[in-house]
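Input: a single structure, listed below in structure tokens.
Rule-based calculations on the coordinates, nothing more; no lab input. Keep in mind the model is a prediction, meaning the values are calculated, not measured. All Cβ positions, even for glycine, are placed from backbone atoms using ideal geometry, and neighbour counts span all protein chains on display.
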Amino acid sequence: MAQRSYRIAALPGDGTGPEVVAEGIKVINAAAKKFGFEISFDTYNWGGDHYLATGELLPDDAEETLKKYDAVFLGAIGSPKVKPGILEKGILLRLRFALDQYINLRPVKLFPGVECPLVGKGPEDIDYVVVRENTGDVYTGMGGASQVGTPDEVAVQEMVYTRKQVDRCLKYAFELARKRHSKENPWKGLSAEDKAAGYTAQLTLCGKTNVLTYVFGMWERAFHEMGKQYPDVKLNYCHIDATCMWMVKNPEWFDVIVTANMFGDIITDLAAMTSGGMGISAGGNLNPEGVSMFEPIGGSAPKYTGLGVINPCAAILAGAMMLDYLGETEAAKAIENSVAFCTEKKLKSLSAGKMGYSTSGVGDLVAENL
Ligand code: IPM
Ligand code: MN
């Protein structure tokens with residue numbers, strides 16, 4: 001068998017980004033050794049410090065550079081020394097858009113031993129995936145302002161979607177629902193009638209069809225049209241506000257949720273808090289036809305920078321998602337299992353400074369228990 005070999009661009013970024021990326025790489029390297037593949041990392045130090053020192057957010061050819069890699073592994077972008085929006089738009093959002101990473105995949109999974117703020121809910125209740133559209137919506141930056149700073153100031157920021165953007169996102173979500181579950185392994189939230197009707201999985205569209213009638217009217221039509229090609233996937237619709245409610249009250253009602261960019265941003269922070277917090281929540285910015293970028297979904301946590309107390313599990317799980325995406329499914333599963341072992345048996349808490357281990361101590365534990 002030919003040697004499997006991967007080249008990764010590492011973007012540690014700001015704040016605690018470099019600390020958690022180092023642990024992610026440590027665990028990935030241990031997995032590479034154990035599962036017999038090669039993986040190498042080239043580091044690019046783009047972020048707040050680079051911007052302050054040089055005035056450059058990203059080099060003009062950043063996208064061309066990243067396209068030469070099999071994937072991108074990102075730490076965190078955002079610095080208290082730079083006005084909000086500059087680094088986020090100039091680096092993170094620019095890369096998502098320029099690399100056309102149209103899916104932001106955010107699994108929501110409560111690991112064993114992890115304290116859950118939802119009373120009476122355990123790991124069997126919280127295990128779903130949010131497919132957040134990642135290129136449209138208010139994130140396109142279309143709009144403008146006039147008479148800024150006067151009492152007559154006007155500001156407009158448009159929610160923008162094309163049918164093509166909606167369709168490609170829905171297609172990914174339907175295929176994912178089908179991949180997660182099958183006749184042999186149906187989603188456990190299905191009733192006997194659902195199963196008799198031939199369903200094996202559920203896809204929930206989260207929108208706001210009662211107010212945002214143009215945009216979510218289009219999403220809803222597209223959802224039902226495409227749904228005809230997936231008779232095994234049960235279609236479900238929830239408004240964004242109700243989705244928030246059910247995520248707290250009945251998270252076991254969800255299998256795969258698909259939603260627009262802004263709603264997806266908001267509900268995945270809520271979802272993270274129901275499943276152990278930012279220390280353990282990972283995501284992938286995917287371009288199934290191009291280069292994808294994996295990241296812990298929390299921020300740069302400036303106040304913990306350099307202290308060695310931040311939880312690297314989110315970055316480690318982002319690394320596992322990356323390996324899964326590259327086809328190293330066994331290694332990915334082993335990392336996830338090792339994280340689960342550590343949350344259940346080793347870590348006192350997932351919060352920074354309360355884990356009972358340092359940042360690198362957690363990385364060592366996960367690597368040793370692969
Ligand atoms: C996220 C973040 C970003 C977003 C910010 C930093 C631009 O909150 O990845 O969820 O809004 O997408
Ligand atoms: Mn966010």
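Quick notes on this structure:
- Gain upon complete extension [His224, Glu56; 0.36 nm per residue less C-alpha separation]: 56.0 nm
- Spatial separation of Cα centroids for the range 262-294 and the range 14-55, in angstrom: 18 Å
- As a rough footprinting exposure proxy, the listed residues Ser191, Ser360 were ranked by other beta carbons within 10 Å of their own, and the order from fewest upward is Ser191, Ser360.
- Each listed q (0.13 Å⁻¹) maps to a log10 I(q)/I(0) for the chain from the Debye sum over equal C-alpha point scatterers, namely -1.10.
- Residues with amide H under 5 Å from that of Gly207, placed H, sequence gap 5 or more: Cys238, His239, Ile240
- In Hz, Karplus ³J(HN,Hα) per residue of the range 338-352 (6.51, -1.76, 1.60; θ = phi - 60°; x = Gly, Pro): 5, 4, 4, 4, 5, 5, 6, 10, 10, 6, 6, 7, 9, 7, 3
- Theoretical ellipticity at 222 nm over the chain - DSSP helices of four or more residues, -39500 (n - 2.57) apiece, nearest 500: -11500 deg cm²/dmol
- Of the cross-linked pairs Lys26/Lys67; Lys121/Lys249; Lys34/Lys179; Lys109/Lys333; Lys121/Lys188, those separated by over 18 Å at the C-alpha level are Lys26/Lys67; Lys34/Lys179.
- Order of Met321, Met159 - criterion: other Cβ atoms within 10 Å of each residue's Cβ, fewest first: Met159, Met321
- Shape analysis of the range 13-78 yields a ratio of the Cα radius of gyration to the Kirkwood radius, Rg/Rh, of 1.03.
- Divide the volume of the convex hull around the Cα atoms of the range 236-283 by the residue count and you get 81 Å³ per residue.
- Where the alpha-carbon atoms of the range 13-130 are placed on the principal axes, they occupy 51, 40, 27 Å, in descending order.
- Taking the number of Cβ atoms within 10 Å of each Cβ as an exposure proxy, the fewest-first ranking of Thr268, Thr329 is Thr329, Thr268.
- Our note on the geometry: Cα centres of the range 88-159 and the range 175-200, 28 Å apart.
- Overall dimensions of the range 118-226, expressed as equivalent-ellipsoid semi-axes from the Cα gyration tensor (√(5λ), whole Å, largest first), are 37, 18, 12.
- Based on C-alpha pairs under 8 angstrom that are at least 6 apart in sequence, the range 294-370 has a relative contact order of 35 percent.
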